[in-house]
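Only one structure is covered here, and it is reproduced in the block below.
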């Protein structure tokens, strides 16, 4: 017994125009979030991670491979 929702050959449950409208509304809803600055705490964590990772010269890429 197959489930039509999981069948790769089945058609989408929603019409294309409805899917497009949902996509537009999602973009509107998340537009503000996407444009927000990265919180200082995240930047601090990224800087700590970068400082703790080993440094390599740009021309040494792949030289660590054996």
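Points worth noting:
- Check on residue 14, at pLDDT 85 or above, surrounded by 10 or more Cβ atoms within 10 Å (Cβ to Cβ) and in contact with a helix residue (DSSP H, G or I) (Cβ under 8 Å, 6 or more places away or on another chain): yes
- Residue among 32, 44 that is outside any loop (DSSP other than H, G, I, E, B) and at pLDDT below 90: 32
The values are calculated or read from the model by the stated rules, or taken from the named source; none is laboratory data. This one's a predicted model, so the numbers in the text were calculated from it and none came from an experiment. In this analysis, Cβ positions are derived from the backbone assuming ideal geometry, glycine residues included, and neighbour counts consider all displayed protein chains.
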